[in-house]
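Undergrad: My structure is below; once you've seen it, I'll send some questions.
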Amino acid sequence: QTHACAAILNFIENLEDGVDKEPLHALLNDLMNVLRRSNQSMTQCAQDSVMRVNHIRAQEQALTAIAAVGETAGKHFIAMYQQMAEILMTIITQAVSEEMLQIRNRAVDCMSRYVEAVGGQQVQSCGHDKILMNNTIAFLSDANCTHDEHADNPLIESFVSVWPRTLVAIGTQQFAAYIPMVSQVLCRVAAIDIVSNRNNELQQRIQNNSDQDTLELDKDFNVSVVETSDEQGQTQIVAIDAQKMSNKLAAFYCFDAFAENYGVDVLRLMKRDSVEQLFDLLLQCISSRYSFDLKTEAAKLSPRYLELLCAAAKENNADQTWLSLLQRKSQQLFDTFVRVMADADNAEAQCTAVMAKALLQSLQILDPTDDDTYHRSRSLLRTFLDERGLRRTVRVLFECVSAAQHRIELFVKQEMNSSFEYDQIAKQEFEEEKEFEDELLFNFALILAELIKIYGDDFLTMLLDENEQILTQLIKFLNPQNASIRNPQFLHKTGIYIICDLYEQCSASDEKLLKLLHRFVPQILHIVSQDDDSAVQQASFYCLGLIVQKMGNVAAPYVSDILTRCRGLLSGAHSIRYRKAEILVRECNDGEHFELRQFLALMDNVMSTVVKCMKHIEWNTVNLSTHDCNQLIALRNQCLQLFISHLPLKYDTIEARFCHTFFYSLVQNGKPIDFSNPSNVPLILKIFATVMDTPLSTEALNQGMKQYAAKHANALTQQQRTKFI
């Protein structure tokens, strides 16, 4: 019977979409019969302990299968809900003995799933929501249930998990009355210590040097023996309890569900002290030395708390009490993230990745820099992160970047080891590892981008402090000459992204930015020559164009090298492919046309870099010898001709609008190329017809192109006439 229920569970979990689910209701009847018969048989064989245990296991497995089948059956289950609910409620209220613990646990889980699936009206009409809530609250309100010796009870997790499901079933308005009743319970459950009740036993065995006994303890599936270090750095071996940790996390998940459904109102319903207490407990979890899962799950949940506090401060018109609380908790959370990332070693890359993502989300909540109304003078981060804190944060982020590159090199070194045969699965794993590190590096770059937006010129000051340690590290990211780095593109992208953000966010008049120009540009030009990765090349050309756009004539000494590299890509094999490519502006899935999109983005940015050199260099004031000046003008004109011959741009809508607007101004002004020759009109009309009314154009540009077409109506083809007129 037990194995049959398990087989049904496997069948249900793998049931394909579209299969007729009406017959499942017959399965439910059979499962309920298993539950009844096993319960009766258990009662009858009170003296036979083996058979009694078997019948208990059958009931547990039957309840698990009933939950799965009922959820999957959907609307076909509703007719049976009343019958099922009565049996389940009987178990929940009467199965209170120790040996029935798991049965009651499964019944609670099953009933809460059914309540969520069936919905509020039917559940409330039967009063099942009240029975469920009152039973679970009564059980968990007993302070003893969360004491260390009882905190490993699986009912704690099951009962706490009932509350979010009941909330979904009956709605926020009806559930609101329960929240004050559960708030202190959540705080007690969230405070559970995950150290196992058997830890003292473990410590005694360690003192007795009983290694074999320690291994036996580790075989307990609910206990993990972990080696960590205490606050003094001393090695420590601790037994942690998986069920205690699940119970603890259930409280945080429950609050997260409340916050998602109620928003800032949850602070009023739960009272601020309870939320603050939960936040403090969550911070402790992020700093946990015992469990990776506890640490990372807590980090993922933490931005929600900042959202609530920010919303409360805004709702209360920046009341000083709320602002003070927000600043204090934000600083604690920020410091915790940075400390955990600083302490993580190479074996904890996943932990670092989670912390980085949570830190990025928290920054964006505190200082929404993408908001048009944002101004750094109103920054919340700057109220608690001073120059010293900023320097430490950036140093930690740079150390994490270097660690990620080191891991990538280890993967590549193993992959290239000729003494080892790698099958397809191993190669796929290496690619996945490199993709993981690439995403991690990108998140570091995004965090640094946020910091640059928030601190602006102060970030420059920090880079150019007395010893320039951080700047030196940034220059290393750009240096492609280190022979031990086989895959430098990961570091190159990160370094170039940081430089782009510096030139986008800092003042062009700041002499520090001028000083950095001569440190950065030669490195970027070298990267363009040495690193053929499309993403690196695209970022490099964007960065070079941005520097010229921002710095104007100050960048003139490098224009010849920049245009020479643009000419190289616009006159070789890349040129042929780019000319033949179709416009790609529709939405694409992540993997769809990935290589093509990278190539088009690269070439679009090469085209845009040419235009930025044309627009932002005052060519009549460039101070060069006559020979060099003539060569540079010839190079400029050659690049301009290449630019026109490769129009239109294909993919990058921002750069395309910029370049197409520039081309339209050339057509209108006739400088430096005269387009008045009638032989040019068909080419111009062809380019205009291709980009008009697409994301590669603007409304003003569309109107201008239509006016040009109206002037040259005689040159229009029939297809163009339909397009323009």
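The values are calculated or read from the model by the stated rules, or taken from the named source; none is laboratory data. What you see is a predicted model; the values in this text were computed from it and never measured. We place every Cβ from the backbone using ideal geometry, glycine too, and count neighbours over all the protein chains shown. To get the accessible areas, we keep the full protein, side chains included, count just its heavy atoms, and leave off ligands, DNA and RNA. Shrake-Rupley method; radii C 1.70, N 1.55, O 1.52, S 1.80 Å.
Undergrad: Over the chain, what percent of the accessible surface lies on carbon and sulfur atoms, probe 1.4 Å?
TA: After summing per-atom areas, the C and S share lands at 47 percent.
Undergrad: Oh, and also: Using 15 Å as the cut-off for backbone N distance, which residues of the range 360-400 belong to the label zone defined by a point 7 Å from the Cα of residue 504 along Cα→Cβ?
TA: 364, 368-372
Undergrad: When the chain is fully extended, how far beyond the present Cα-Cα distance does residue 435 get from residue 532, taking 0.36 nm per residue of separation? If you can, show how the numbers build up before the last one.
TA: Numbers: separation 97, 0.36 × 97 = 34.92 nm, distance 1.78 nm.
Additional length available on full extension: 33.1 nm.
Undergrad: Considering amide H positions built from the backbone, and no H for Pro or chain starts, which residues 5 or more places from residue 223, or on another chain, come under 5 Å of its amide H?
TA: When sequence neighbours closer than 5 places are left aside, the close amide H contacts are 242.
Undergrad: How far is helix 101-118 tilted off the main Cα axis of the chain, in degrees rounded to 10, range 0 to 90?
TA: 50 degrees
Undergrad: What list of ³J(HN,Hα) values in whole Hz, one per residue of the range 33-43 in order, does the Karplus curve 6.51 cos²θ - 1.76 cosθ + 1.60 (θ = phi - 60°) give from phi, with Gly and Pro shown as x?
TA: Couplings: 5, 4, 4, 5, 4, 5, 5, 5, 5, 4, 5 Hz.
Undergrad: Now, a different point. Tell me the angle of helix 128-141 to the major Cα principal axis of the chain, expressed in degrees between 0 and 90 and rounded to the nearest ten.
TA: That works out to roughly 80 degrees.
Undergrad: Using 1/(1 + (r/R0)^6) with R0 = 56 angstrom and r between the beta carbons of residue 703 and residue 130, what's the FRET efficiency to the nearest 0.05?
TA: According to the calculation, E is roughly 0.30.
Undergrad: Along the Cα-to-C-beta direction of residue 472, a point sits 7 Å from the Cα; which residues of the range 375-409 have their amide N less than 15 Å from that point?
TA: 395, 399, by backbone N distance to the label point.
Undergrad: I'd like the accessible area for residue 322, computed on protein heavy atoms only with a 1.4 Å probe and all protein chains in place. Round to 10 Å², please.
TA: 40 Å²
Undergrad: Quick one: length gained pulling residue 680 to residue 150 fully straight, 0.36 nm per residue minus the C-alpha distance?
TA: Working: separation 530, 0.36 × 530 = 190.80 nm, distance 8.56 nm.
Going from the current span to full extension adds 182.2 nm.
Undergrad: Can you check what the net charge comes to around residue 160, using other residues whose Cβ is under 15 Å from the Cβ of residue 160 (Lys, Arg +1; Asp, Glu -1)?
TA: Values: positive: 104, 113, 165, 188, 244, 248; negative: 109, 116, 142, 152, 157, 256, 297.
With Lys, Arg at +1 and Asp, Glu at -1, the neighbours total -1.
Undergrad: Can I ask one more? Looking at the chain, which longest stretch skips every one of the GluC sites (Glu not before Pro) that is in a DSSP loop with at most 14 other Cβ atoms within 10 Å, leaving the sites themselves out?
TA: On the way: sites that count: 16, 149, 231, 421, 466, 468, 582, 587, 592, 618.
With a cap of 14 other Cβ atoms within 10 Å, the longest stretch comes to 232-420.
Undergrad: Right, here's the next one. To check my understanding: the extent here is largest minus smallest coordinate of the Cα atoms along each principal axis. What are those three numbers for the chain, in Å, largest first?
TA: Principal extents (Cα only, largest first): 108, 67, 66 Å.
Undergrad: Turning to a different aspect of this structure: Tabulate in residue order the Karplus-calculated ³J(HN,Hα) for the range 434-446, using 6.51 cos²θ - 1.76 cosθ + 1.60 with θ = phi - 60°, rounded to whole Hz; enter x for Gly and Pro.
TA: Karplus-based 3J(HN,Hα) across the range 434-446 equals 5, 5, 4, 5, 5, 5, 4, 4, 5, 5, 4, 4, 5 Hz.
Undergrad: Continuing with this model, one more query. Can you check what the net charge comes to around residue 370, using other residues whose Cβ is under 14 Å from the Cβ of residue 370 (Lys, Arg +1; Asp, Glu -1)?
TA: On the way: positive: 376, 453; negative: 367, 371, 372, 450, 501, 504.
Summing Lys and Arg as +1 and Asp and Glu as -1 gives -4.
Undergrad: Now, a different point. In the neighborhood of residue 450, defined by Cβ-to-Cβ distances under 13 Å, what is the net charge if each Lys or Arg adds +1 and each Asp or Glu adds -1?
TA: Working: positive: 357, 376, 382, 453; negative: 367, 370, 371, 501, 504.
Residues near residue 450 contribute -1 overall.
Undergrad: Estimate the FRET efficiency between residue 316 and residue 402 by the formula 1/(1 + (r/R0)^6), using the beta-carbon distance for r and 51 Å for R0, to the nearest 0.05. Numbers along the way, then the final one.
TA: On the way: r = 43 Å, r/R0 = 0.85.
In this case the efficiency is close to 0.75.
Undergrad: Under a 1.4 angstrom probe, counting protein chains only, how are 84, 614 ranked by accessible area, largest first?
TA: Working: 84 0, 614 25 Å².
I get 614, 84, largest accessible area first.
Undergrad: Return one number: the angle in degrees, 0 to 90 and rounded to the nearest 10, between the long axis of the Cα atoms of helix 489-505 and the longest principal axis of the Cα atoms of the chain.
TA: 70 degrees
Undergrad: Scan around residue 236 for amide H atoms under 5 Å from its own, H built in the peptide plane at 1.01 Å from N, and keep only partners 5 or more places away or cross-chain.
TA: 228, 229, 230
Undergrad: Moving on to the next point. Could you give each residue of the range 562-571 its phi-based ³J(HN,Hα) in whole Hz, using Karplus coefficients 6.51, -1.76, 1.60 with θ = phi - 60°, and x for Gly or Pro?
TA: Each residue of the range 562-571 in turn: 5, 5, 4, 6, 5, 4, x, 7, 8, 9 Hz.
Undergrad: May I ask you to derive the relative contact order of the chain, considering only C-alpha pairs under 8 Å and at least 6 residues apart, and to give it as an integer percent?
TA: Working: 802 pairs, mean separation 43.1, N = 725.
Across the chain, relative contact order equals 6 percent.
Undergrad: For the chain, with every protein chain kept in place, what is the accessible area per residue (1.4 Å probe, Å²)?
TA: Working: 34490 Å² over 725 residues.
For the chain, the per-residue accessible area is 48 Å².
Undergrad: Oh, and also: Past 30 Å, Cα to Cα: identify those pairs from 329/453; 314/434; 130/314, in the order given.
TA: Values: 329/453 22 Å; 314/434 42 Å; 130/314 35 Å.
Among 329/453; 314/434; 130/314, the Cα-Cα distance tops 30 Å for 314/434; 130/314.
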